[in-house]
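Asker: Supplied in structure tokens, the structure appears directly below.
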Amino acid sequence: MRFAYSVKQKMKIAILLFCIMACTILIRFLEDKSVKSMNESFISLYNDRLIPATDLFYIAEYVDQKRSLIEDMLYSSSENTFDFEGLRRNLHKINTSIDSLIHAYEKTYLVKQEKENIAELKANLHAVKTIEKQTVDIVKNQGLQKARNVHELMGRKASGDIIKGLSELMRIQRMVGAELTKDTEFMVSGNKLYSAFQTVLAIVIGILIVGIVFTSNVVNIRSDKFNLN
């Protein structure tokens, strides 16, 4: 009778320990998955949001530099003394830098709205390049006043459209970055839940060990009494 009781208790304990082990393994798996997801979110936040946002700022700076170069030619010089070749070299250098930044931006993760805005931005950048070339040609062939009219009518508006497009992309960057932050906060909350569950399991194991010791002592005492009688 005592042997049957002991086997039955051991089976219950073995099943309970197996369940605890399975839960522990599952929690460990979920924790590893959550940590991996958090790591990916942080990498995406840096590579796909922080760096591109910095690139957008540099593009805005380059657009302003080009505007300044054109306006220096139009308002601070004479077409007879201006270094047109130097201007072309500077514009080409800046345009190459802008194209490089745009190319890098397109290689990052883009949401649908970003793809649409970047396509519009590229069209506006191309329009500005065309207007710049036309403005320089007009200065050489038709004079400063005609070129100034073209710049004030088309050049400034085109540059303004680029700045608006960059501002919209920065707004999208902030919006998507905020969503990534919320996802990370959710994963952190999940890890806290897993930790709490592990604490509960540790308490259950402790209670189980105490119960095993107590039950063993009670069985031994009863057995001793039975033998004495």
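Residue-wise test of (1) at pLDDT 75 or above; (2) among the aromatic types (Phe, Trp, Tyr).
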| site | (1), (2) |
| --- | --- |
| 1 | no, no |
| 52 | yes, no |
| 58 | yes, yes |
| 78 | no, no |
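Asker: Does residue 124 qualify as being in contact with a Gly (Cβ under 7 Å, 6 or more places away or on another chain), within 19 Å of residue 52 (Cα to Cα) and either aromatic (Phe, Trp, Tyr) or open to solvent by 30 Å² or more (accessible area, probe 1.4 Å) (or both)? I'd like the intermediate steps shown before the answer.
Answerer: Working: in contact with a Gly (Cβ under 7 Å, 6 or more places away or on another chain): yes; within 19 Å of residue 52 (Cα to Cα): yes; either aromatic (Phe, Trp, Tyr) or open to solvent by 30 Å² or more (accessible area, probe 1.4 Å) (or both): yes.
The answer is yes for residue 124.
Asker: Let me ask something else about it. Keeping to segment 29-52, report how many residues are surrounded by 12 or more Cβ atoms within 10 Å (Cβ to Cβ) and farther than 20 Å from residue 176 by Cβ.
Answerer: Total satisfying the criteria: 5.
Asker: Continuing with the same structure: Looking only at segment 152-192, count every residue that is more than 24 Å from residue 56 (Cβ to Cβ) and at pLDDT 75 or above and tell me the total. It would help to see each step written out before you state the result.
Answerer: Of all residues in segment 152-192, those more than 24 Å from residue 56 (Cβ to Cβ) come to 152-153, 185-192.
From the residues that got through so far, the ones that are at pLDDT 75 or above too are 152-153.
Number of matching residues: 2.
Asker: While we're here: Identify, please: which residue in segment 103-116 is outside any helix (DSSP H, G or I) and open to solvent by less than 70 Å² (accessible area, probe 1.4 Å) and is, among those, farthest from residue 136 (Cα to Cα)? It would help to see each step written out before you state the result.
Answerer: Keep residues of segment 103-116 that are outside any helix (DSSP H, G or I), which gives 107-111.
This time we only want the ones that are open to solvent by less than 70 Å² (accessible area, probe 1.4 Å), so: 108, 110-111.
Values: 108: 35, 110: 36, 111: 38 Å.
Selected residue: 111.
Asker: If you go through segment 128-156, how many residues are closer than 18 Å to residue 95 by Cα, surrounded by 14 or more Cβ atoms within 10 Å (Cβ to Cβ) and free of Cβ contacts under 8 Å to residues at least 60 places away in the same chain?
Answerer: 3
Asker: A follow-up question, please. For residues in segment 55-97 being outside any helix (DSSP H, G or I) and out of contact with any Gly (no Cβ under 9 Å at 6 or more places or on another chain), which is surrounded by the most Cβ atoms within 10 Å (Cβ to Cβ)? Spell out the reasoning first.
Answerer: Going residue by residue through segment 55-97, those that are outside any helix (DSSP H, G or I) are 76-83.
The next check asks that each one be out of contact with any Gly (no Cβ under 9 Å at 6 or more places or on another chain); those that pass are 76-78, 80-83.
Working: 76: 9, 77: 14, 78: 9, 80: 5, 81: 6, 82: 18, 83: 11.
Only one residue tops the list, namely 82.
Asker: Which condition number in (1) in contact with a Lys or Arg (Cβ under 6 Å, 6 or more places away or on another chain); (2) open to solvent by 60 Å² or more (accessible area, probe 1.4 Å) is the one that residue 100 fails?
Answerer: The failed condition is (1).
The values are calculated or read from the model by the stated rules, or taken from the named source; none is laboratory data. Computed from a predicted model, the values in this text were never measured in an experiment. Neighbour counts run over all protein chains shown; Cβ positions are idealised from the backbone, glycine included. To get the accessible areas, we keep the full protein, side chains included, count just its heavy atoms, and leave off ligands, DNA and RNA. Shrake-Rupley method; radii C 1.70, N 1.55, O 1.52, S 1.80 Å.
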